[in-house]
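The values are calculated or read from the model by the stated rules, or taken from the named source; none is laboratory data. These figures come from a predicted structure and were not determined experimentally. Neighbour counts run over all protein chains shown; Cβ positions are idealised from the backbone, glycine included.
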Amino acid sequence: MLKVEKGDEDFALEQTKLSSRRILRDAGQDPDGEPVFQLYTSIHWELRQRVLTLFQQAARKVVIRCRLQRRLASLKKLAESIKKVPSVENGPNDPQLCCSEITS
């Protein structure tokens, strides 16, 4: 039997009973009690799974934020480089610019 702290009596593992006696029942007769199966050998298993899921979600969130920060930084650089480049409309081949240089 496992040691159980106070307050955890509901989760205590019981010893399995082995019986090699034959039990005779009538057809359609239900057993005296219902079998109880404990799926987890440790009560901490469910807690571990929940903590692991929360950690995975937090890690995904951090990775996605880092990716978005890099994309945002590259878009800001692109926007700055577009602002610095003279546009085609006001470029050196603009007819208004040529005419104003001649008349000045």
Completion exercise
Residue count, the stretch 24-71, condition in contact (Cβ under 8 Å) with a residue 24 or more places away in the chain and of a type outside the set (Ser, Thr, Tyr), comes to 2
Handout entry: So Ile102, is it assigned to a helix (DSSP H, G or I) and at pLDDT below 70
Key = yes
Exercise for the section: Being part of a loop (DSSP other than H, G, I, E, B) and β-branched (Val, Ile, Thr) is the filter; apply it to the stretch 1-56 and report the residue that is modelled with the highest pLDDT. Expected result: Ile23
